[in-house]
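The values are calculated or read from the model by the stated rules, or taken from the named source; none is laboratory data. Quick caveat: nothing in here was measured; it's all calculated off a predicted structure. Glycine gets a Cβ as well: all are built from the backbone with ideal geometry, and neighbour counts include every protein chain shown. Calculation scope for accessible area: heavy atoms of the full protein, side chains included, ligands and nucleic acids excluded. Shrake-Rupley method; radii C 1.70, N 1.55, O 1.52, S 1.80 Å.
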Amino acid sequence: KDRPWPRKERNCVFYSTDCDKTALINNFQKRGWLKVPAFDGEWNLYWACSQNCRYIFGVDHPYRMRSDQMINHFPNSMELSRKDLLVKNIKRYRKDLERKGDALAETLPIQTKLGIGGTRYLHLDIIPMTFVLPSDYNLFVEQFHKNPASTWIVKPSDKSQGVGIYLINKLSKLKRFAYEARTFYPHFHRDTCVISKYIDNPLLIGGKKFDLRLYVLVTTFNPIKAYLYNEGFCRFCTQRYDQTEIDNVFMHLTNVSIQKNNKEYNTIHGGKWSMQNLCLYLDSIRGEGVSELLYRRIKETIRHSLDAVAPVMSNDRHCFEVYGYDIIIDNNLKPWLIEINTSPSIHSTTKNDCTLKTRLIDNVLDVVIPPSGMPDERWSKTPDKESLKNFTLLTPV
């Protein structure tokens, strides 16, 4: 009886969130929604962290969601966000298509020199050659000896914001993995890392390396309904690229959480470029229409990654998710999928950042909320064209 809102009246949408960010709160308040505690379960939309989402869907948790509730994560979204699981799913996806004789699994001639991806797939070479440590350590060593001058990048499987990432060009830096690989059950090791072939020919602008942060909204995995947000941005390093200085993170890692610690970091523009500026630059330097070709390749890469995890994803009708895709473009204008984030940062570092992320959340809510204005699990999740605004449907390749 002490509740500040009526339990049975549903004329208003109630929301709860684990992150009180401006881009979220402004959009919720603009719609006239009211905030309620997450633990009470009276919310209609819960913008949760991934850990709380997994807790809600856990088999030991007694809470069961109502038909008028939505949450912003799928139960096992780590199949995309954990680097080791993403690699496993993509490799399985390739094998499945090859077994079916699908044209997408077409391979290059045997005499073709293998590139950064290390496969002969013509269409499915979307990630750099990658091994999981310590279980794949011996396979990695075998590959390393084929080209001892190559550079590799090591990343913890479940970390983000550039934590624990380093480059190597000598096996001596992997001694602990060599020891762990000799243990009886290396594949049960919890602290796994992935080691990938380093993309040493990135597309440079002003001599600096950059990557793309793109936003992808998925409303259902069966069937896949996914949309690419058109207003992504480039994240630049603060120092000019030099392949030989592998210990300098400010010229190799584009994460803002790392770059902002450099004295050369610009707080006004945050070292970011809009996708529109990138497209104008490429069309002026490489020729008209180049950006359109690159954009099509990027959409195909994203769609392949979603197709790869769709068979193992728990497709709950209460869920939707906004993924942050990190993609690097090499000098041949080939996009490489580097990482996928299930909780991309909504924190704003610049004014343009704040505007972009506020528009993003506004557009996401337009797509996932039914025309009635109240979440409903029975809705077909088929928004009209006006609701899509800056989202582009990702069609099957």
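Placing +1 on each Lys and Arg Cβ and -1 on each Asp and Glu Cβ, with no other charges, gives region 250-397 a dipole about its Cα centre of roughly 240 debye.
By its C-alpha gyration tensor, with a ≥ b ≥ c as the square roots of the eigenvalues, how is region 226-299 shaped: rounded for a/c under 1.5, else prolate for a/b larger than b/c, else oblate?
Judged from the Cα gyration tensor, region 226-299 comes out prolate (a/c at least 1.5, a/b above b/c).
Each of 300, 231, 288, 106 has its accessible area taken with a 1.4 Å probe; listed largest first, they run 288, 106, 300, 231. Protein heavy-atom accessible surface, 1.4 Å probe, per residue over region 191-297: 44 Å².
Loop-located chymotrypsin sites (Phe, Trp or Tyr not before Pro) across region 37-88 with a Cβ neighbour count of 13 or fewer within 10 Å are 39, 63, with loop assigned by DSSP. Of the residues 135, 372, 348, which exhibits the maximal mean-square fluctuation in a Gaussian network model of the chain defined by a 10 Å Cα contact cut-off? Taking springs between Cα atoms under 10 Å, the residue moving most is 372. Of all aspartates and glutamates in the structure, those lying under 14 Å Cα to Cα from residue 21, and not within fewer than 8 positions of it along the same chain, are 353, 362. Spatial offset of region 305-327 relative to region 237-296 amounts to 27 Å, using the alpha carbon center of each.
Just so you know, the Rg over Rh for the chain is 0.97, from Cα atoms, with Rh as the Kirkwood radius. Sorted largest first by accessible area at a 1.4 angstrom probe radius, with every protein chain in place, the residues 378, 31 fall in the order 378, 31. The residues of region 32-78 expose on average 47 square angstrom of accessible surface per residue, using a 1.4 Å probe on protein heavy atoms.
Per the 1.4 Å probe, what fraction of the accessible area of region 279-347, in percent, lies on carbon and sulfur atoms?
Numbers: 1310 of 2710 Å².
After summing per-atom areas, the C and S share lands at 48 percent.
Which value in deg cm²/dmol, rounded to the nearest 500, describes the helix-derived mean residue ellipticity at 222 nm for the chain, given -39,500 (n - 2.57) per DSSP H run of n ≥ 4 and division by the residue count? Please report the intermediate quantities before stating the final value.
Numbers: 11 runs with 113 residues, N = 397.
Taking each H run of at least 4 residues, the total per residue is -8500 deg cm²/dmol.
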